[in-house]
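The values are calculated or read from the model by the stated rules, or taken from the named source; none is laboratory data. These numbers were taken from a predicted model, which means no experiment stands behind them. Note that each Cβ is placed from the backbone with ideal geometry, even for glycine, and that neighbours are counted across all protein chains shown. These accessible areas exclude ligands, DNA and RNA; they are computed on the full protein's heavy atoms, side chains included. Shrake-Rupley method; radii C 1.70, N 1.55, O 1.52, S 1.80 Å.
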Amino acid sequence: MSKRSLLQVAVDELMRHGLSALSVSSLAERMELPETWIRSRFPGGDWQLRMDAVEYAGQSWVEQIRALMRAQKTPREKISLLCRAYALGSRDFPASLDSYLDLWKQARDGNEEIRRRLGALYRFYSEQFS
């Protein structure tokens, strides 16, 4: 089983239950796999799993939006689609917005690893959509 498969399930858990509910043990239980096997894929523990899931979700979102944008004819339509996707994502998946806010709070409170990884994710977003 690939790490990507694990992250797909982790993102589903993240969207359904929020960031704090996602853990190595909850993922192992959901996947019916030994916790030690899951932990070997995420040696940084719960926070690595959570950040990897957030990054995977962000990258997947960008891929979906880019595919939809290719079908748009004008720059205005592309911008409109991007704005709608962002707004609808916030409305339809409030746990994802809550998760980002929780992560930024951790970053603001001094967690440099989360700050670094969130910064990289937002740079990725801006590069993709500029």
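Once the Kirkwood radius over Cα pairs is known for the chain, the Stokes-Einstein relation at 37 °C and 0.692 mPa s delivers a diffusion coefficient of 209 µm²/s.
Taking a point 7 Å out from the Cα of Glu113 in the direction of its Cβ, the residues of the stretch 39-68 whose backbone N falls within less than 18 Å of it are 39-56. Per residue, the chain exposes an accessible area of 62 Å² to a 1.4 Å probe, with every protein chain left in place. In this rough spin-label picture, where each label sits 7 Å from Cα along the Cβ direction, the Arg66-Leu33 distance is 2.6 nm.
Quick check: net charge around Arg70, other residues with Cβ under 13 Å of its Cβ, Lys/Arg +1 and Asp/Glu -1? Neighbour charge sum, excluding Arg70 itself: +1. Surface composition of the chain: carbon and sulfur make up 53 percent of the accessible area, probe 1.4 Å. In a simple Cβ point-charge model (Lys, Arg +1; Asp, Glu -1; nothing else charged), the chain has a dipole of about 640 debye relative to its Cα centre. Counted by Cβ distance under 12 Å from Met51, the other residues give a net charge of -1, where Lys and Arg count +1 and Asp and Glu count -1.
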